[in-house]
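Below: one structure, written as structure tokens.
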Amino acid sequence: MNNASNPYVNAQTQFDTVAEAMSLDMSMREYLRVSAREFVFSIPVKMDDGTTKTYMGFRIQHNNARGPSKGGIRFHPDETLDTVRALAMWMTWKSAVVDIPLGGGKGGIACDPRTMSMGEQERMCRGYVRQLSSTIGPLIDIPAPDMMSSAQHMLWMLDEYETIMRAHYPGVITGKPVGMGGSLGRAEATGYGVMYTLVEALRLRGDSVKGKTASLQGFGAVGEHAARKFEELGGIVTAVSCWDNNDKKAYTFKKKGGLDINALAAAKDAYRDIDKEKARDIGCDILPGDAWLSEEADILIPAAQENEITTKNLDSINKSVRVICEAANGPTTPEADPLILAKDIMIIPDFLCNAGGVTCSYFEQVQGNMNYFWGKSEVLIKLETAMTAACTAVCELAEEKKVPLRDAAYMISIQRVADAVKMRGWV
Ligand code: NAD
């Protein structure tokens, strides 16, 4: 992986730039730009055919000054240590920008669950937790789902942890199934959160979602619910780019007058990929995977993976685009960032835009601790309030300092985390 596409280098570059602008103490910079603890390990898994396959596992705890480290576990064949390091660092800023008492962490397994049976996946999840049982915990580090991991994976992990600890510890993992300690609204939380920030950022400019068009990349846990909320708010989703696991490539699905989100969701498989033939059956035009970027739309919503908008492809962004909602983590490279802003496109930065997931995970913990669960509308009202307040604060600081939203969000988060580190006397 070269530096230009290394998400950890990107995360550190973003941090260094804002730390410099804030004149942050050099010792604090040195401490905050690296992980606090890193775990890299192998997970031997007995496969159904009797062989044993070894998967690489990662868990990174970037910072826990404001509370236990918190962050998802991503399953991806191309998972790397540096990707997980970057995601862990972004989690620290994410928890801080929404002002919840959690730090930042992230995990991953280099695997492709699409090629594994349920039994193999269960053994891999349990093996992951056996390697980490002494380093995660409700008061230490709390995993959650991410790309290609699900509520079922979280429950296997919870069960393995509780078996090892010989007691119930529902707070060790979030994103559990509803009825097994999960929160209503968690499935929708990240995608809806993306929309709550968009609504607020537009409102502050005297604008709204109604009548706007959007083009998305990714139609998974985040993308689908962002699309649904966008539609509910009066927007029209014109195009969605998504992976097709049969062809092992991405396509952009498009329909004149707007996509039918329910019908498109019905064309998805268990790993949130879209079957191109099913999409054709519901009347979608099938375009190349990267066509979502050049689609005529007011809003672009990258909701797949990092490094999707770069200096190499940003010129294909359609002139109609006014806002990029970074629903994915790290979708825009630091080099592309200023060039996009120069096109007068507002970027709602990832760790603010997609903080709905961790906010709802925090709500899941609160409910679990009380052993009293809220109704879905109560969860979503609390989520909207938290996301809107965070977005307002970022937009107001950006206006005051005359800086992009990303820099303002970093300033708020870095200051909160640095204050906590300082008060603890670590630096
Ligand atoms: P997911 O596994 O549910 O869905 C990923 C989607 O992206 C799928 O629809 C897949 O087909 C599509 N995809 C993958 N590669 C693609 C490509 N090259 N081109 C087009 N589409 C592609 O994952 P998710 O949970 O929705 O996560 C998406 C992003 O959001 C990730 O960056 C993740 O870290 C971030 N995120 C997720 C959450 C959460 O709560 N799940 C929270 C915050 C941030």
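The values are calculated or read from the model by the stated rules, or taken from the named source; none is laboratory data. The structure displayed is predicted, hence computed values, not measured ones. Don't worry about glycine lacking a Cβ; one is built from the backbone with ideal geometry, like all the others, and counts go over all protein chains shown. Heavy atoms of the whole protein, side chains included, go into the accessibility calculation; ligands, DNA and RNA do not. Shrake-Rupley method; radii C 1.70, N 1.55, O 1.52, S 1.80 Å.
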* Close pairs from segment 326-339: first aliphatic (A, V, I, L, M), partner open to solvent by 20 Å² or more (accessible area, probe 1.4 Å) and more than 16 Å from the ligand (Cβ to nearest atom), Cβ under 8 Å, at least 6 apart -> A336/T311; L339/T311
* Structure fact -> By residue number, the members of segment 335-357 that are part of a helix (DSSP H, G or I) and open to solvent by 10 Å² or more (accessible area, probe 1.4 Å) are D337, P338, L339, L341
* Sort through A297, A250, A304, A263 and tell me the only one that's part of a loop (DSSP other than H, G, I, E, B) and open to solvent by 20 Å² or more (accessible area, probe 1.4 Å). => A304
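Looking at M148, M180 in this structure, which one is touching a strand residue (DSSP E or B) at 6+ places or on another chain (Cβ under 9 Å) and either outside any helix (DSSP H, G or I) or not acidic (D, E) (or both)? Let's see the steps before the verdict.
Details: M180 fails: touching a strand residue (DSSP E or B) at 6+ places or on another chain (Cβ under 9 Å).
Matching residue, one of M148, M180: M148.
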* Selection within segment 92-118 - within 13 Å of the ligand (Cβ to nearest atom), under 25 Å from T51 (Cα atoms) and polar (S, T, N, Q) -> none
* Within segment 378-427, count every residue that is outside any helix (DSSP H, G or I), in contact with a helix residue (DSSP H, G or I) (Cβ under 9 Å, 6 or more places away or on another chain) and open to solvent by 80 Å² or more (accessible area, probe 1.4 Å). => 1
* **Which numbered condition P331 misses (of (1) open to solvent by less than 10 Å² (accessible area, probe 1.4 Å); (2) more than 16 Å from the ligand (Cβ to nearest atom))** => (2)
* How many residues are open to solvent by less than 30 Å² (accessible area, probe 1.4 Å) and within 9 Å of the ligand (Cβ to nearest atom) if we restrict to segment 227-244? -> 4
* Structure fact -> Checked against (1) open to solvent by 30 Å² or more (accessible area, probe 1.4 Å); (2) over 25 Å from L132 (Cα atoms); (3) touching a residue at least 12 places away in the same chain (Cβ under 8 Å); (4) away from the ligand (no atom under 16 Å from the Cβ), R203 satisfies every condition except (3)
* Tell me which residues, restricted to segment 119-144, are within 16 Å of the ligand (Cβ to nearest atom) and open to solvent by 30 Å² or more (accessible area, probe 1.4 Å). => none
* Of residues in segment 158-191 being touching a Pro at 6+ places or on another chain (Cβ under 8 Å) and free of Cβ contacts under 8 Å to residues at least 40 places away in the same chain, the one surrounded by the fewest Cβ atoms within 10 Å (Cβ to Cβ) -> Y169
